[in-house]
1. Name the single residue that is surrounded by the fewest Cβ atoms within 10 Å (Cβ to Cβ) among those in region 22-69 being among the aliphatic types (A, V, I, L, M), touching a helix residue (DSSP H, G or I) at 6+ places or on another chain (Cβ under 6 Å) and modelled with pLDDT of 90 or more.
2. If you take the residues of region 89-123 that are touching a residue at least 60 places away in the same chain (Cβ under 8 Å) and β-branched (Val, Ile, Thr), which of them is nearest to residue 45 (Cα to Cα)?
Amino acid sequence: MPRQSQEAAVQAREEEVPTPVATGNRPYEEAYWEVVFAEKTNENETTDVPLCVNGEVLVIQRGKPVIIPQRYLECADHTKHEIISQDPGKDRKTVAWVQTYAYTKIRQASKDEFTRFKQAGDKATRDRIERMQAAQP
């Protein structure tokens, strides 16, 4: 491939990559949100909301305000399941797609709030840490 074509190809690829949004004079900073995930509506739904982004898992309690990064909200936005209807003697058809982990945004939060919230954990996390510390000599 001639050098000029390689440079054009590299430039074309660079133009396809979205540029992170700058905040003031600082580079891209992820947004954090305080949200509340909807309660279970039937017995088939999970008690907690497990969200995984790039191998990092957050298990979030339903019905309680939590602070999480935007990337986990995007993950929740992509969790959908279909509602199917079938009348006797007819084929099944998809009636709608419903968000599996619906949530309500309360307010924008900061990274410091998220860090404090995550370090504090919930009662189950604190109990587990306490048991681990008690088991150490």
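The values are calculated or read from the model by the stated rules, or taken from the named source; none is laboratory data. Just so you know, these numbers come straight off a predicted model, no measurement behind them. Glycine also receives a Cβ, built like all others from the backbone with ideal geometry; neighbour counts cover every protein chain displayed.
1. 53
2. 104
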